[in-house]
């Protein structure tokens, strides 16, 4: 189950009014090699190979003559020299200590806590975009009654507000199946749906649900860390 974290104030601006124009906009960018297979990358920290979709990407910033900084490319779409790491606190710290510098063959100055914060924020923004697309495409069931029916019919994922209260207990059985994530609060989910408050929201699209779970999993190890938690913006009210 996903831990709830504050949502960046600017991330929800006009969210429920936006409408995706193609399936590619709501899915994770694919890193594909020859034959259509996911391309393997090497972790800049531990040196082990993994499919690109299983790793976090960072890009190198401008060289200032002495060193360069890096930024998290959560959406895998930024232009520039990139490096990859496993989404673990251990690999992040090791990459910051020396791995990024070796990978980019340049002196890299980075802060693990700041990068952890970027990862969490990137995850939240990705999920907001995915939910927005699901709402625009009518691939959701909003509210307790509609969500119950949808989940019984096999909806892949239920989003539950952190302050859903007793309503959340009515869906407890789905937690063991890995079909529940906690995201935002009732006002946040409500704004995404164009309503004042929403406690539960079923996602009926398999691809969108999978992308939400992937974004959640990628940022999971960094939630609740001192750095990411301390830097998070207040929740939208």
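The values are calculated or read from the model by the stated rules, or taken from the named source; none is laboratory data. The model shown is predicted, which means the values in this text are computed figures rather than measured ones. Positions of Cβ are backbone-derived with ideal geometry, glycine not excepted, and every protein chain shown enters the neighbour counts.
The table below gives the values:
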quantity	calculated
Residues of segment 157-185 classified as buried (at least 16 other Cβ atoms within 10 Å of the Cβ) and within 19 Å of residue 123 (Cα to Cα), total	13
Test set (1) in contact with a strand residue (DSSP E or B) (Cβ under 9 Å, 6 or more places away or on another chain); (2) surrounded by fewer than 20 Cβ atoms within 10 Å (Cβ to Cβ); (3) modelled with pLDDT of 95 or more - residue 189 fails condition number	(2)
Qualifying helices (runs of 4 or more DSSP H) (wholly inside segment 85-169; at least 3 residues being free of Cβ contacts under 8 Å to residues at least 12 places away in the same chain)	144-152
Filter result for the condition that a residue is more than 30 Å from residue 47 (Cβ to Cβ) and either modelled with pLDDT under 95 or surrounded by fewer than 22 Cβ atoms within 10 Å (Cβ to Cβ) (or both), over 122, 65, 143, 80	143
